[in-house]
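Participant: This is the structure I have questions about; it appears just below.
Throughout, read-outs are computed from the coordinates displayed, never taken from laboratory work. No experiment lies behind these values; they were computed from the predicted model shown. Here the Cβ positions follow ideal geometry from the backbone for every residue, glycine too, while neighbour counts run over all protein chains shown.
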Amino acid sequence: MRFFQKEWKPQCWSKKFRFIFIRRECPGQQKGPIQLDLFVPQESGYEFKVVVTNKTGIALKIVRFHEGRGQQENIFSELKDQVNMDYLPSRRWAGNKIYLLCAILAHNLGGSCRWMQVNRNEPRTQSGVRSGYSKTGRHAPQIPTTRWSIDAD
């Protein structure tokens, strides 16, 4: 990651702010036919971002702070889209709180089940421990083969 910073005031603003201009190298996607028998070409491109801030301090720390804040906003966006967080089923605080907690628990449980199903057939190392797990003997939980469904009635 490379960056530079500049104090700047656009004409329509009343005061100067700190602009941090960031350029990050990222792998590019190969377009067109790939000749797998000869080689796989590697392309890289750049991603550009500008952070406008009134914070003082080291630019790298400020960029990381803003990226973390963006991740938090992504979590709220996911909750609104997938958990229906913007819906209030009750006129009472406790009812809405219980609804939201149940929806988030169901969302996280579904995500955990999907994660376990995807990683179920992950190859094991010679010691018998799945790669990515510690050598303390901790294995992924067994997934039941029974499928549960809810009838419409």
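Participant: What FRET efficiency comes out for the pair LYS16/ILE58, r = Cβ-Cβ distance, R0 = 22 Å, nearest 0.05? Present the calculation step by step, with values, prior to reporting the outcome.
Facilitator: Values: r = 19 Å, r/R0 = 0.87.
The formula returns an efficiency of 0.70 here.
Participant: From the phi angles alone, apply the Karplus equation (6.51, -1.76, 1.60; θ = phi - 60°) to region 10-27 and give each ³J(HN,Hα) in whole Hz, x where the residue is Gly or Pro.
Facilitator: x, 4, 8, 9, 8, 9, 7, 10, 8, 10, 10, 9, 10, 10, 10, 6, 9, x
Participant: State the extension gain, in nm to one decimal, for the chain segment bounded by GLN117 and GLN72, taking 0.36 nm per residue of separation less the distance between their alpha-carbons.
Facilitator: Details: separation 45, 0.36 × 45 = 16.20 nm, distance 2.65 nm.
Stretched fully, the GLN117-GLN72 segment lengthens by 13.5 nm.
Participant: Around ASN84, which amide H atoms from residues at least 5 apart in sequence, or from another chain, sit under 5 Å from its own amide H, with H modelled in the peptide plane?
Facilitator: none
Participant: Taking θ as phi - 60°, what are the ³J(HN,Hα) couplings along region 80-93 by the Karplus curve (6.51, -1.76, 1.60), each to the nearest whole Hz, with x for Gly and Pro?
Facilitator: The phi angles translate into 5, 6, 9, 10, 6, 5, 7, 9, 10, x, 10, 9, 10, 4 Hz.
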